[in-house]
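These notes concern the structure reproduced below.
The values are calculated or read from the model by the stated rules, or taken from the named source; none is laboratory data. Being a predicted model, the structure only gives us computed values, none of them experimental. Note that each Cβ is placed from the backbone with ideal geometry, even for glycine, and that neighbours are counted across all protein chains shown. The accessibility values were calculated without ligands, DNA or RNA, using every heavy atom of the protein model including side chains. Shrake-Rupley method; radii C 1.70, N 1.55, O 1.52, S 1.80 Å.
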Amino acid sequence: MSDERVTKPKKRSSQRADLVSDVGFGKFLNLLHSVSLEGVISLGVGEPDFATPWHICEAAVDALKKGRTGYTPSTGFPELRRAVAQNLESRYGIRYDPETEIIITVGSSQAMDLAFRGIIDPGDEVIMPDPHYVCYPSCISLAHGVPVPVPTRAENGFKLEAAQIEARITPNTKVILFGYPANPTGTEMSREELAEIAEVALKHDLLVISDEIYSRLTYGVEHTCFSSLPGMKERTILLDGFSKAYAMTGWRLGYAVGPADLIAVMSKIHQHTMLSPSSMAQMAAVEALKSGEGDIRRMVTEYDQRRKVIVQGLNKIGLKCHEPKGAFYVFPSVQTTGLTSEEFTERLLLEEKVVVMPGSLFGGRGEGFVRCCYAAAMPDIEEALRRMARFVEQYQNRAQP
Ligand SMILES: Cc1ncc(COP(=O)(O)O)c(C=O)c1O
């Protein structure tokens, strides 16, 4: 064997895999695992702290008892697709054909992956807000698309502005992607603001992927479904699911609804890669849509109380934040401490045992902010605020000249 063969081993991972950056996230998770978890309060992970309501679990148990344990139709059980269609019609007044315009997926995450793989050609540009959900750029890059971030500003509550989108359109622009209510900022957009984006999509003949996974978690404002705006149903893939609304993150069930031609393309890829979503999770989801409204109301009332406490508490200790109108995140600025968002996060964990996420994970515009998830018990939120107050005071004193 020549030396050359020994010294030049073949690259084992794909170039495509290299497109996904895990630098910030991996480093943060390593740090988290390196500290003793005793006494740690987590405002880190973005998932409901409630268990799935029991009547929903029972529907899955019932499915198991009845032997509904095999593969299901690839696009999902017809009764679930019908229930999704009814739910969307009653919430937004828009009609989708359960046969051709709805696909049930493994979380809304899979729906997003299918959407990009189904519509993006190499070099196609996808315009999205910055800060944004961590997975957006990775999903776009894995489909060989190019993420084009649009900077948003804390001063206007991190809203995505139509003019800013339009300024970034090139002949390669194919899609606008956003998700409201938003992760990590908790921002919700009004109907009028979304209508301005709809005009841009129409004018430039763009597709839209609207990630509405937090649509049921809004506070004092009514959520506008992007597809319900005039002319948008024909060009929008709407993503939603069961994870956040019904506290079902572990069930891994979501859906995409949209124009039949695009859903057909997504279904084709889905058939060859996932075969079908979980059978019992789908039966649980039918029950969630049928009888879960009260559960949503109960959880939203709780989140709302925590939201008020954390927003007020953070502003009081000098971590300024806008009032989020949706999801369960608040995104305060940490600039007065003189620390970067990563330094803030690391030191807060090591010194006060509170987990928050560095804003830099969510894009360049997230630097200087941290994401706090208030899907945590009220006493934990209150204690986290006490610890953060102590921490911030110390660093603010040092930061002052
Ligand atoms: C904005 C956003 N979209 C999509 C997802 C994925 O949700 P699912 O559990 O439906 O895959 C998340 C999860 O945190 C999210 O925050």
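Gly220 versus (1) assigned to a loop (DSSP other than H, G, I, E, B); (2) within 24 Å of Asp295 (Cα to Cα); (3) open to solvent by less than 40 Å² (accessible area, probe 1.4 Å); (4) in contact with a helix residue (DSSP H, G or I) (Cβ under 9 Å, 6 or more places away or on another chain): which is the lone unmet condition? Against the list (1) assigned to a loop (DSSP other than H, G, I, E, B); (2) within 24 Å of Asp295 (Cα to Cα); (3) open to solvent by less than 40 Å² (accessible area, probe 1.4 Å); (4) in contact with a helix residue (DSSP H, G or I) (Cβ under 9 Å, 6 or more places away or on another chain), Gly220 comes up short only on (3). Of everything in the stretch 358-397 that is touching a residue at least 60 places away in the same chain (Cβ under 8 Å) and aromatic (Phe, Trp, Tyr), the residue that is most open to solvent (accessible area, probe 1.4 Å) is Phe369. The residues of the stretch 212-245 that are within 11 Å of the ligand (Cβ to nearest atom) and aromatic (Phe, Trp, Tyr), listed by number, are Tyr214, Phe242.
Per-residue answers, yes or no, for (1) under 27 Å from Ser34 (Cβ atoms); (2) modelled with pLDDT of 95 or more:
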| site | (1), (2) |
| --- | --- |
| Pro324 | no, yes |
| Phe331 | yes, yes |
| Arg371 | yes, yes |
| Ala376 | yes, yes |
| Tyr395 | yes, no |
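Of all residues in the stretch 229-246, none satisfies being assigned to a helix (DSSP H, G or I), touching a strand residue (DSSP E or B) at 6+ places or on another chain (Cβ under 9 Å) and modelled with pLDDT of 95 or more. Taking the criterion of being open to solvent by less than 50 Å² (accessible area, probe 1.4 Å) and either outside any helix (DSSP H, G or I) or within 16 Å of the ligand (Cβ to nearest atom) (or both), the residues of the stretch 265-280 that qualify are Met266, His270, Ser276, Pro277, Ser278.
Report yes if some residue within the stretch 192-203 is part of a loop (DSSP other than H, G, I, E, B) and either within 13 Å of the ligand (Cβ to nearest atom) or open to solvent by less than 40 Å² (accessible area, probe 1.4 Å) (or both); otherwise report no. For the stretch 192-203, residues part of a loop (DSSP other than H, G, I, E, B) and either within 13 Å of the ligand (Cβ to nearest atom) or open to solvent by less than 40 Å² (accessible area, probe 1.4 Å) (or both): absent. The residues in the stretch 246-259 that are surrounded by fewer than 22 Cβ atoms within 10 Å (Cβ to Cβ) and within 14 Å of the ligand (Cβ to nearest atom) can be counted, and the count is 3.
Taking the criterion of being hydroxyl-bearing (Ser, Thr, Tyr) and open to solvent by 20 Å² or more (accessible area, probe 1.4 Å), the only residue of the stretch 295-310 that qualifies is Thr301.
Table: residues versus (1) under 20 Å from the mean Cα position of the chain (by Cα); (2) open to solvent by less than 50 Å² (accessible area, probe 1.4 Å); (3) not hydrophobic (A, V, I, L, M, F, W, C).
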{"residue": "Glu89", "(1), (2), (3)": "no, no, yes"}
{"residue": "Gly107", "(1), (2), (3)": "yes, yes, yes"}
{"residue": "Gln110", "(1), (2), (3)": "yes, yes, yes"}
{"residue": "Arg117", "(1), (2), (3)": "yes, no, yes"}
{"residue": "Val134", "(1), (2), (3)": "yes, yes, no"}
{"residue": "Ser138", "(1), (2), (3)": "yes, yes, yes"}
{"residue": "Pro151", "(1), (2), (3)": "yes, yes, yes"}
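Residue count for the stretch 99-125 under the criterion of being of a type in the set (A, V, I, L, M, F, W, C), more than 15 Å from the ligand (Cβ to nearest atom) and under 21 Å from Ala182 (Cβ atoms): the result is 0.
Of note, Asp304 does not satisfy the criterion of being within 16 Å of the ligand (Cβ to nearest atom), closer than 30 Å to Arg153 by Cβ and not hydroxyl-bearing (Ser, Thr, Tyr). When the residues of the stretch 119-130 are filtered to those that are touching a Gly at 6+ places or on another chain (Cβ under 6 Å) and open to solvent by 10 Å² or more (accessible area, probe 1.4 Å), the one that is farthest from Met274 (Cα to Cα) is Asp130.
Scanning the stretch 167-190 for residues that are out of contact with any Gly (no Cβ under 8 Å at 6 or more places or on another chain) and surrounded by fewer than 16 Cβ atoms within 10 Å (Cβ to Cβ) yields Ala167, Arg168, Thr170, Pro171, Ser190.
When the stretch 292-315 is filtered for residues that are in a helix (DSSP H, G or I) and either among the basic types (Lys, Arg) or closer than 30 Å to Pro73 by Cα (or both), the ones remaining, listed by number, are Glu293, Gly294, Asp295, Ile296, Arg297, Arg298, Arg306, Arg307, Lys308. Checked across the stretch 175-186, the condition of being assigned to a loop (DSSP other than H, G, I, E, B), touching a residue at least 40 places away in the same chain (Cβ under 8 Å) and farther than 28 Å from Met357 by Cβ holds for no residue. One residue alone among Leu289, Leu262, Leu349 is open to solvent by 20 Å² or more (accessible area, probe 1.4 Å), assigned to a helix (DSSP H, G or I), more than 16 Å from the ligand (Cβ to nearest atom) and aliphatic (A, V, I, L, M), and that residue is Leu262.
Kindly evaluate Gly318 against the criterion of being open to solvent by less than 30 Å² (accessible area, probe 1.4 Å) and not in a helix (DSSP H, G or I). Spelling it out, Gly318 is indeed open to solvent by less than 30 Å² (accessible area, probe 1.4 Å) and not in a helix (DSSP H, G or I).
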